Protein chains: 4
Amino acid sequence: MSEKIGFIGLGIMGGGMARNLLKAGFELTVWNRSPERIAPLVVAGAHPADSPAGVAAQSDIIVICVSDTPDVEAVTLGENGIIHGAEAGALVIDCSTISPTATRHIAAQLRENGIAMLDAPISGGSEGAAQGTLSIMVGGDAADFTRAEAVFAAMGQTVTHVGEQGAGQTVKLVNQILVVGTMLAVSEGLAFARAGGLDLERTLAAVSGGAAGSWMLSNRAPQCIRDDWAPGFTIDLQQKDLRLVLEAADEMGVPLLGTGMIFQMYRTLQAGGLGAEGNHALVKAIYRLMGDA
Amino acid sequence: MSEKIGFIGLGIMGGGMARNLLKAGFELTVWNRSPERIAPLVVAGAHPADSPAGVAAQSDIIVICVSDTPDVEAVTLGENGIIHGAEAGALVIDCSTISPTATRHIAAQLRENGIAMLDAPISGGSEGAAQGTLSIMVGGDAADFTRAEAVFAAMGQTVTHVGEQGAGQTVKLVNQILVVGTMLAVSEGLAFARAGGLDLERTLAAVSGGAAGSWMLSNRAPQCIRDDWAPGFTIDLQQKDLRLVLEAADEMGVPLLGTGMIFQMYRTLQAGGLGAEGNHALVKAIYRLMGDA
Amino acid sequence: MSEKIGFIGLGIMGGGMARNLLKAGFELTVWNRSPERIAPLVVAGAHPADSPAGVAAQSDIIVICVSDTPDVEAVTLGENGIIHGAEAGALVIDCSTISPTATRHIAAQLRENGIAMLDAPISGGSEGAAQGTLSIMVGGDAADFTRAEAVFAAMGQTVTHVGEQGAGQTVKLVNQILVVGTMLAVSEGLAFARAGGLDLERTLAAVSGGAAGSWMLSNRAPQCIRDDWAPGFTIDLQQKDLRLVLEAADEMGVPLLGTGMIFQMYRTLQAGGLGAEGNHALVKAIYRLMGDA
Amino acid sequence: MSEKIGFIGLGIMGGGMARNLLKAGFELTVWNRSPERIAPLVVAGAHPADSPAGVAAQSDIIVICVSDTPDVEAVTLGENGIIHGAEAGALVIDCSTISPTATRHIAAQLRENGIAMLDAPISGGSEGAAQGTLSIMVGGDAADFTRAEAVFAAMGQTVTHVGEQGAGQTVKLVNQILVVGTMLAVSEGLAFARAGGLDLERTLAAVSGGAAGSWMLSNRAPQCIRDDWAPGFTIDLQQKDLRLVLEAADEMGVPLLGTGMIFQMYRTLQAGGLGAEGNHALVKAIYRLMGDA
């Protein structure tokens, strides 16, 4: 008999993930801060709860997918949080992207109440959430990871156990460093190519296949060329994650000269009202410096 | 009847390219500044010449593969240069990586003597040169490109006509911006992951397949992890190309904040005696800043 | 009859400032988190209190000089904070360097209880605190500034009313941007001069008097030259203030490319155990990059 | 009997310097590439010459004040250059700002012909040139420096013998690193202050006197505040000097992360048509990034 699952946070990512758990046949209890997002899941077969504690009281494994560190703290440790509803032996899986340090603090407090926790941040966008093709980077005990495998399998495609508590979050931040750094490379390449009067599509065709190649070059550079700034991942969310990166780097004493500069460049785009555009709009910071955007 | 080919510059790249032209059945006349590199090609079937002008006098199409702008100027326009041996109607193909502006000046002077020119810088390393799998980015007239197709096919795999005179060089510089920018992203990601105590191989496995992925991450990050600094492309050569990038960016008014910073980081590694290591040793600049390299 | 003064925070800065208030003839009640710092002030004539609320209950004007935003929040709004002891009409003067935004929040809550507040961060080091020669940058209502003039006159030499609530803190952060930016200029100049084999003292003599001149060049460069890293202001404190700068810049959407880079450079020095050295040790980050420190 | 002086390069700086030599009673022979600048000096008492060689033939000491390295090479070593007119024992004083390496090469060639050389770059602007209050940083042999003292005294106020051949140029480049680095600090401070809604004049008053103080803050920040972009030193000239700085840093292996970034920022202003504005317009690069300039 499979374990009963709870799901907290039914936003653009969590909504799709919860549906995939239902499709996989799990009995599911759900909660969301804005109650209007609960009904569609209930229609699809989930049980509603009136608080995170209520979800926890009905579940063996509770998945969280909320926005930021304070939100995770609230739904785990706060008033009516999981800690007040879960029985000893429950397992929390936090799919939010938050601070690795905060993750370890929350996990330690849950553990004192006999509740285990895996940090399991995701990447792959809303399509990945809807289609169950997310990448999931998991930190925590190996036994907990094994216990959760069927749950992960319902939500993601590439699920990697990367280390101890907090390691999932740290890997996710590594992922974000790579994403924005590659995007800066692509942006400078595009700005140079444009100023050099090149045919941008032929340029991409010539360089994408070799040592210069990247997912960003193949997927986002064409968007930049056709002036399509629709987000896969918004600048506002990117900045939230870069704050986590820079805070963690600050704690660990790692100098991130490039990432620090990119943060400043995105910041100017936010200030200019572009926070809802895709993170590939980074190139606009360069165009703007050139007096041309 | 196929055209007679000349080849000037039989170094680590040019030597392999010339051999592939012989294998493809072209009649080939060769010259190299250091004469000891001529004999092996003669053994393989090439005719020796005693100067670039001598090569040009025996050839319809002359391929150049030398180090830097002054070298190309010398073998084309200098004393005993191609311009003094080639007949009207000859075609020069310059596979060196040099300044786009210098390319246009040289091409203009050759054109006054009835000699056409394509700029055709290459990427793919010494293996690509030996195996005929280079990427070749070609600038110049479409008719000249068509005329040279069989020659390019003997030397490379991905041959792209990217635009007018100089466009090949400009695309090559775009390629180098992408290469080093992606390498900085990888370097910052690795430094962060290492400081965070992650298992680096599991981290790569978790992030390489998605939006963070790049050729550099898949090919050079594993080298960094196993402390293997053998060059695909040396820091010294990388810096030579970055000087071309920054000079061209200066001429065109493009601000390359990231690339400019990377140039400084590589410079410190050269000063520390690491110029012959691979360009992925960029990560050592970060480790050194951290007092740990 | 002059107003009765309270003083909270008798550290390296606050201790000297409190003594100067006693010397100026003010009746003074004091409190410090570590109680051993209270006795010397009592010997000098101050009344002890057992909490910030206790200080406030005995004072018309309460001066605060503590470390960071949470400390100010604790002594003003926390349990046994000023808000629980002060009468309506009291005036709080916060000489700590904290977030301008937090300053406005604290001031708003005090105001609801009829307590006025000036933010009045200081610069000038421990000598300035001891000798009463501090620079004080004051934000808040003009009437409150006027009321406090005698208090400021006892502690500082250059006292400037720079604007509304929070403006004092913002000006202090401007001061810190200028301090570290000028220090970076000096550091790069020194590194270049040293690599160029110059006599560093003659170099300073030649350039200090003109457009290149600065307080940092005249006062800290000579320290760097004679390998004297004794702090006027430590790297650890500098980083605390730079965090405030970068957070405020983030809130306001101001891109600080230079300051952001300097933060990263100092961070590597802290990680290397140099946090207690003076902020002019920034030059060591460059020497370290050069493999030479 | 005092030595006969020659002067080559009668531009905005050289014109004033030549006049001051006349005022000091020196017999003076002059030449300028654009001949219309010769006449006014002849009216003032100078002898005209028809080439640098012609100047040299009439002079014991020849002062040069031209734009860039190729200009100095032309007037010293080129056709009709000083080397073809000067007698053994002549002394060349080069007041241009050029590459330290090129300086040493030129000096070596002159020395083979028995001609001594001092590099003596200047700072202080056109006012300093007109009023004889320049700072002069002199490299070369001590005996040559002593021989030239009366000449320097006529042109400058702070004359420092800073070391061997090329040291004058190296110190001048240190000066330029300090100038632009301090200007970046001032620019970031101003941008932050403006975004924070501060009264900029009161802010300057509050911070200029202490550790944040600099010539740039006292002299150029007020210009920025009143939107006065009239040059003391133009961005175009600043960039010419920064190219020399970055080339020398490249040769010496010194990482100048800040200066390299500033170069990129000025470059965008040039591209935007602001090259003739003063170097304090650097702040506009930040305003532009903020979408506001």
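Conditions (1) assigned by TED's automatic domain parsing to the domain that holds residue B:14; (2) closer than 14 Å to residue B:148 by Cα; (3) not in a helix (DSSP H, G or I), marked per residue:
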residue: B:59; (1), (2), (3): yes, yes, yes
residue: B:62; (1), (2), (3): yes, yes, yes
residue: B:66; (1), (2), (3): yes, no, yes
residue: B:70; (1), (2), (3): yes, no, no
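Any residue that is assigned to a loop (DSSP other than H, G, I, E, B), surrounded by 17 or more Cβ atoms within 10 Å (Cβ to Cβ) and in contact with a strand residue (DSSP E or B) (Cβ under 8 Å, 6 or more places away or on another chain) - is there at least one of those in the range A:20-29? Checked the range A:20-29: at least one residue is assigned to a loop (DSSP other than H, G, I, E, B), surrounded by 17 or more Cβ atoms within 10 Å (Cβ to Cβ) and in contact with a strand residue (DSSP E or B) (Cβ under 8 Å, 6 or more places away or on another chain).
Annotation note: of C:5, C:38, the sole residue that is closer than 20 Å to residue C:107 by Cα and of a type in the set (Val, Ile, Thr) is C:5. With the condition kept exactly as written, say whether any residue in the range B:226-249 is aliphatic (A, V, I, L, M), free of Cβ contacts under 8 Å to residues at least 40 places away in the same chain and within 12 Å of chain D (Cβ to nearest Cβ). The answer is yes, given that some residue of the range B:226-249 is aliphatic (A, V, I, L, M), free of Cβ contacts under 8 Å to residues at least 40 places away in the same chain and within 12 Å of chain D (Cβ to nearest Cβ).
Taken together, A:184, A:190 contain a single residue that is touching a residue at least 24 places away in the same chain (Cβ under 8 Å), within 7 Å of another protein chain (Cβ to nearest Cβ) and under 12 Å from residue A:282 (Cα atoms), which is A:184. Exactly one residue among B:252, B:290 is touching a residue at least 40 places away in the same chain (Cβ under 8 Å) and either surrounded by 22 or more Cβ atoms within 10 Å (Cβ to Cβ) or of a type in the set (A, V, I, L, M, F, W, C) (or both), and that residue is B:290.
Of the residues making up the range B:278-293, those that are in a loop (DSSP other than H, G, I, E, B) and either hydrophobic (A, V, I, L, M, F, W, C) or closer than 12 Å to residue B:190 by Cβ (or both) are B:290, B:293. In the set B:75, B:42, only one residue is in the same structural domain as residue B:104 (by TED's automatic domain parsing), crowded, with 17+ Cβ neighbours inside 10 Å, in contact with a strand residue (DSSP E or B) (Cβ under 7 Å, 6 or more places away or on another chain) and among the aliphatic types (A, V, I, L, M); that residue is B:75. In the condition set (1) over 25 Å from residue D:219 (Cβ atoms); (2) in a loop (DSSP other than H, G, I, E, B); (3) more than 8 Å from chain B (Cβ to nearest Cβ), residue D:275 is compliant with all but (1). Of all residues in the range B:210-226, none are under 27 Å from residue A:233 (Cα atoms), within 18 Å of the chain's Cα centre (by Cα) and small (Gly, Ala, Ser).
Selection of the range A:30-55 for residues being under 25 Å from residue A:87 (Cβ atoms) and part of a helix (DSSP H, G or I) yields A:38, A:41, A:42, A:52, A:53, A:54, A:55.
For the range A:62-72, a tally of residues being surrounded by fewer than 24 Cβ atoms within 10 Å (Cβ to Cβ) and under 15 Å from residue A:116 (Cα atoms) returns 0.
For the range C:222-241, the count of residues that are among the basic types (Lys, Arg), touching a His at 6+ places or on another chain (Cβ under 7 Å), at pLDDT 95 or above and not assigned by TED's automatic domain parsing to the domain that holds residue C:98 is zero. Assess whether residue D:132 counts as being surrounded by fewer than 21 Cβ atoms within 10 Å (Cβ to Cβ), in contact with a Phe, Trp or Tyr (Cβ under 8 Å, 6 or more places away or on another chain) and more than 7 Å from chain C (Cβ to nearest Cβ). Spelling it out, it is not the case that residue D:132 is surrounded by fewer than 21 Cβ atoms within 10 Å (Cβ to Cβ), in contact with a Phe, Trp or Tyr (Cβ under 8 Å, 6 or more places away or on another chain) and more than 7 Å from chain C (Cβ to nearest Cβ).
Only one of the numbered conditions (1) farther than 15 Å from residue C:173 by Cα; (2) more than 14 Å from chain A (Cβ to nearest Cβ); (3) buried (at least 16 other Cβ atoms within 10 Å of the Cβ) is violated by residue C:261, and that is (2). When residue D:196 is tested against (1) touching a residue at least 12 places away in the same chain (Cβ under 8 Å); (2) touching a Ser or Thr at 6+ places or on another chain (Cβ under 6 Å); (3) not polar (S, T, N, Q), only condition (1) is not met. In the range B:184-239, the residue that is farthest from residue B:266 (Cα to Cα) out of those that are assigned to a helix (DSSP H, G or I) and basic (Lys, Arg) is B:202. The condition of being closer than 22 Å to residue B:217 by Cβ, modelled with pLDDT under 95 and in contact with a strand residue (DSSP E or B) (Cβ under 9 Å, 6 or more places away or on another chain) holds for only one of A:170, A:133, that being A:133. Exactly one residue out of D:93, D:12 is in contact (Cβ under 8 Å) with a residue 40 or more places away in the chain, assigned by TED's automatic domain parsing to the domain that holds residue D:109 and part of a loop (DSSP other than H, G, I, E, B): that is D:12. Residues in the range B:213-225 that are more than 8 Å from chain A (Cβ to nearest Cβ) and either more than 21 Å from residue B:126 (Cα to Cα) or without any contact (Cβ under 8 Å) to a residue 24 or more places away in the chain (or both): B:218, B:222, B:225. Checking each residue in the range D:250-272 for being among the small types (Gly, Ala, Ser) and part of a helix (DSSP H, G or I) picks out D:258, D:260, D:271. Per the conditions (1) more than 7 Å from chain D (Cβ to nearest Cβ); (2) in contact with a strand residue (DSSP E or B) (Cβ under 6 Å, 6 or more places away or on another chain); (3) under 30 Å from residue D:247 (Cα atoms), the sole criterion not satisfied by residue C:145 is (3). For the range A:151-170, does any single residue satisfy the condition of being facing another protein chain (nearest Cβ under 8 Å), crowded, with 24+ Cβ neighbours inside 10 Å and part of a helix (DSSP H, G or I)? Checking the range A:151-170: at least one residue is facing another protein chain (nearest Cβ under 8 Å), crowded, with 24+ Cβ neighbours inside 10 Å and part of a helix (DSSP H, G or I). Residues of the range A:126-150 that are free of Cβ contacts under 8 Å to residues at least 40 places away in the same chain and assigned to a loop (DSSP other than H, G, I, E, B): A:133, A:140, A:141. Checked against (1) in contact with a Ser or Thr (Cβ under 9 Å, 6 or more places away or on another chain); (2) at positive phi; (3) at pLDDT below 95, residue D:68 passes all but condition (2). Is it the case that the range A:97-105 has a residue that's at the interface with chain B (Cβ under 9 Å from one of its Cβ atoms) and in contact with a helix residue (DSSP H, G or I) (Cβ under 6 Å, 6 or more places away or on another chain)? Yes: the range A:97-105 contains one or more residues that are at the interface with chain B (Cβ under 9 Å from one of its Cβ atoms) and in contact with a helix residue (DSSP H, G or I) (Cβ under 6 Å, 6 or more places away or on another chain). The lone criterion from (1) modelled with pLDDT of 95 or more; (2) away from chain D (no Cβ under 14 Å) left unmet by residue B:208 is number (1).
The values are calculated or read from the model by the stated rules, or taken from the named source; none is laboratory data. The structure displayed is predicted, hence computed values, not measured ones. Methodologically, a virtual Cβ is constructed for each residue, glycine included, from the backbone with ideal geometry; neighbour enumeration extends over all protein chains shown.
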